[in-house]
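Beneath this line is the structure, given in structure tokens, with notes to follow.
The values are calculated or read from the model by the stated rules, or taken from the named source; none is laboratory data. Everything quoted here is computed from the prediction, not taken from an experiment. Cβ placement follows ideal geometry from the backbone for every residue including glycine, while neighbour counts extend to all protein chains displayed.
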Amino acid sequence: MDLLNYAFMQRALLAAVLVGVTAPAVGVYLVQRRQALMGDGIGHVAMTGVGLGFLLSASPVWMATAVSVLGAVLMELIRWYGRTRGDIALAMLFYGGMAGGVMFINLAPGGSSATLTSYLFGSLSTVSPSDVTAICLLAAFVVLVTLGLRRQLFAVGQDEEFARVTGLPVRALNLLTAVTAAVTVTVAMRVVGLLLVSALMVVPVAAAQQLGRSFAATFAIAVALGVTVAVGGTVTSYYQDVPPGATIVLLTIAAFVALTALSAPLARRRARAAAAAAPAGDPAGRAIPAGRTAPDEVGA
Amino acid sequence: MSEPVVALRGVSAELGARPVLRGIDLTVCRGQVVALLGANGSGKSTAVRSAIGQVPVSAGAVELFGVPVRRFRDWRRVGYVPQRTTAATGVPATVTEIVASGRLSRTGFRRFCRADHAAVRRALELVGLADRAGDPVGALSGGQHQRVLIARALAAEPELLIMDEPMAGVDLAHQEVLAETLRDQVASGTTVLLVLHELGPLEPLIDRAVVLRDGRVVHDGPPPTAAGRPALPGHDPAHPSPAGALGAGASHHCLDPQAGTEPLRTGLPS
């Protein structure tokens, strides 16, 4: 393990572990809400933050955090109020964020679009000691939210209206989810890169769904898988001299394919067992209500 | 006189530009079981959803336990069973995980204690799903899924159950199971407001039926009997029976439940 002799690799590996934990931990809630691509949107918006960081000579990580949190809150507000043209508003936010990033970084002294590349696709050698501090703090916040509020976030993602009737502050929890996703994007930015962040939020969860029967198990498998591919990808990237972001994402997709292939026979066996256990019921749980009569019979 | 548990007074509501409720009055007294009947699109679901503050009301007043619903915070007293539409989300979840989320109206942000886990288990036993506690909901039948949603509402041990078509998709045998569960709840003093498409096995439990048509109450009184289906008041468009003419006025007042041992079991308090 000669790679551990290098300080930059120690930092990169620590960052990779934190990314591997946080990205799927948030992703599982996003997938549950069918907002799988939210991380991608935030990644685009965060580019403006990186650009601003260079322009104002501030830390790109903290600047990206600020801007992407703002963007995530804006997205959540659009989801509440802008029902009609929400998709157009989101598109403008995404591409405005990307264009803003390119514009600001080119305005920054000595900056060019090439400077952005390490942020877009991840880079091992550029994780600075101050980045590590930021990443640790942000990751702690993400873990605290995703584990500490797991029941509440689960309930909101499962059935928003029911969650409101239990008296949970659903809007605040949705905002918190968006903010947590934004923070995760900046945690992952240095290692995986902004354009590939979303993959690490979504693909491990999709893979874990193949095996998990419960939400808790899916969560745990997704995080374990996230850490494995993030560390595996970082190490591979060191030895093969390839970009870590791309390596990690390709590894994740390979894991997804492998787990899907592996779980197909498992799912068939479970389906048979379930069918045997409930011979009278409709197996998929979405058959036409059997007890229902024509609309204008009684009760009509 | 005791406070009505649910009170809608002159409530109107629109979905988009379409008026769905046109000034309905609906009162449910403590311990009563009230069925809301009506054709598809008559406003039943909107009426119950407005009762729990999930539909903005354009006119009228909505109260839960005597408190305007916008200011109502004591959600542990209410168990809500929505119409089963969100069958599965993107991520697998077990029966227990879903039912436990119903307990959040009591726990809020605190950790689950032993009593909370026990309440979740009890709710599962009440609907006869204790043996499926660890199964993913995706593997359940429609009727079993419906029972999960009912257990979720029961997990908070509510005083008021609001159920939107709880029998939809449940086969007759399981309807009996659910009717049995509901009977136990009612016997222990739970108030029930439920949307039904037909009375079915629940019929003996129903104290009062409120029939909606085009967003108006056309009947408020004793439930139509199975044999008397065609005679359902307000069913014949030629003889519309306006609310109020059928004792709707009387049902807007609630007797004190302490006044008698079983004051409300017989339908309309008289």
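Starting from residues that are closer than 15 Å to residue A:215 by Cβ and within 8 Å of chain A (Cβ to nearest Cβ), keep the ones in the stretch B:79-95 and report whichever is nearest to the chain's Cα centre (by Cα).
B:86
Examine the stretch B:30-49 for a residue that is without any contact (Cβ under 8 Å) to a residue 60 or more places away in the chain, surrounded by 24 or more Cβ atoms within 10 Å (Cβ to Cβ) and in contact with a helix residue (DSSP H, G or I) (Cβ under 7 Å, 6 or more places away or on another chain), and state whether such a residue exists.
No, the stretch B:30-49 has no match at all.
How many of the residues making up the stretch B:158-189 are assigned to a loop (DSSP other than H, G, I, E, B), in contact (Cβ under 8 Å) with a residue 60 or more places away in the chain and over 21 Å from residue B:43 (Cα atoms)?
Total satisfying the criteria: 3.
Evaluate the following for residue B:76: is it surrounded by fewer than 18 Cβ atoms within 10 Å (Cβ to Cβ) and within 23 Å of the chain's Cα centre (by Cα)? Before you say what the answer is, go through the steps one by one.
On the way: surrounded by fewer than 18 Cβ atoms within 10 Å (Cβ to Cβ): no; within 23 Å of the chain's Cα centre (by Cα): yes.
When the stated conditions are applied, residue B:76 does not pass them.
Can you go through A:166, A:146 and tell me which one is within 26 Å of residue A:249 (Cβ to Cβ), modelled with pLDDT of 90 or more and hydroxyl-bearing (Ser, Thr, Tyr)?
Working: A:166 fails: within 26 Å of residue A:249 (Cβ to Cβ).
Selected residue: A:146, the only one of A:166, A:146 that is within 26 Å of residue A:249 (Cβ to Cβ), modelled with pLDDT of 90 or more and hydroxyl-bearing (Ser, Thr, Tyr).
Quick one: residue B:173 ticks every box in (1) more than 19 Å from residue B:95 (Cα to Cα); (2) at the interface with chain A (Cβ under 10 Å from one of its Cβ atoms); (3) touching a Gly at 6+ places or on another chain (Cβ under 8 Å) bar one, so which box is it?
(3)
For the stretch B:190-221, what are the residues that are assigned to a helix (DSSP H, G or I) and either away from every other protein chain (no Cβ under 12 Å) or in contact with a Leu (Cβ under 6 Å, 6 or more places away or on another chain) (or both)?
Once the filter is applied, which keeps residues that are assigned to a helix (DSSP H, G or I) and either away from every other protein chain (no Cβ under 12 Å) or in contact with a Leu (Cβ under 6 Å, 6 or more places away or on another chain) (or both), the stretch B:190-221 yields B:204, B:205.
Please go through the stretch A:26-47 and pick out each residue that is within 13 Å of chain B (Cβ to nearest Cβ) and under 17 Å from residue A:69 (Cβ atoms).
Passing the criteria: A:26, A:29, A:30, A:35, A:38.
Check whether at least one residue in the stretch A:15-24 is at pLDDT 90 or above and within 14 Å of chain B (Cβ to nearest Cβ), and report yes or no.
Checked against the condition, which is being at pLDDT 90 or above and within 14 Å of chain B (Cβ to nearest Cβ), the stretch A:15-24 yields at least one hit.
Read through the list (1) part of a loop (DSSP other than H, G, I, E, B); (2) modelled with pLDDT under 85; (3) of a type in the set (Gly, Ala, Ser), then give the number of the only condition that residue B:249 fails.
Of the numbered conditions (1) part of a loop (DSSP other than H, G, I, E, B); (2) modelled with pLDDT under 85; (3) of a type in the set (Gly, Ala, Ser), the odd one out for residue B:249 is (1).
Residues to consider are B:73, B:49; find the one that is under 30 Å from residue B:138 (Cβ atoms) and within 14 Å of another protein chain (Cβ to nearest Cβ). First the steps, then the outcome.
On the way: B:73 fails: under 30 Å from residue B:138 (Cβ atoms).
Result: B:49 is the single residue among B:73, B:49 that is under 30 Å from residue B:138 (Cβ atoms) and within 14 Å of another protein chain (Cβ to nearest Cβ).
Go through (1) at the interface with chain A (Cβ under 9 Å from one of its Cβ atoms); (2) under 19 Å from residue B:11 (Cβ atoms) and name the single condition residue B:64 misses.
Unmet condition: (1).
Residues that are under 21 Å from residue A:246 (Cα atoms) and over 15 Å from the mean Cα position of the chain (by Cα): which helices (runs of 4 or more DSSP H) entirely in the stretch A:126-194 hold 2 or more of them?
A:129-148
Does residue A:198 satisfy being in a helix (DSSP H, G or I), touching a Gly at 6+ places or on another chain (Cβ under 7 Å) and away from chain B (no Cβ under 12 Å)?
Numbers: in a helix (DSSP H, G or I): yes; touching a Gly at 6+ places or on another chain (Cβ under 7 Å): yes; away from chain B (no Cβ under 12 Å): yes.
Yes, satisfied.
Are any residues in the stretch B:1-19 crowded, with 22+ Cβ neighbours inside 10 Å and assigned to a strand (DSSP E or B), and if so, which ones?
B:6, B:7, B:8, B:11, B:13
Give just the number: which of (1) at pLDDT below 85; (2) surrounded by 15 or more Cβ atoms within 10 Å (Cβ to Cβ); (3) closer than 24 Å to residue B:90 by Cβ does residue A:157 not satisfy?
Evaluating residue A:157 over (1) at pLDDT below 85; (2) surrounded by 15 or more Cβ atoms within 10 Å (Cβ to Cβ); (3) closer than 24 Å to residue B:90 by Cβ leaves (1) as the failure.
Of the residues in the stretch B:110-149, how many are more than 19 Å from residue A:215 (Cα to Cα), out of contact with any helix residue (DSSP H, G or I) (no Cβ under 6 Å at 6 or more places or on another chain) and surrounded by fewer than 17 Cβ atoms within 10 Å (Cβ to Cβ)?
Counting residues in the stretch B:110-149 that are more than 19 Å from residue A:215 (Cα to Cα), out of contact with any helix residue (DSSP H, G or I) (no Cβ under 6 Å at 6 or more places or on another chain) and surrounded by fewer than 17 Cβ atoms within 10 Å (Cβ to Cβ) gives 7.
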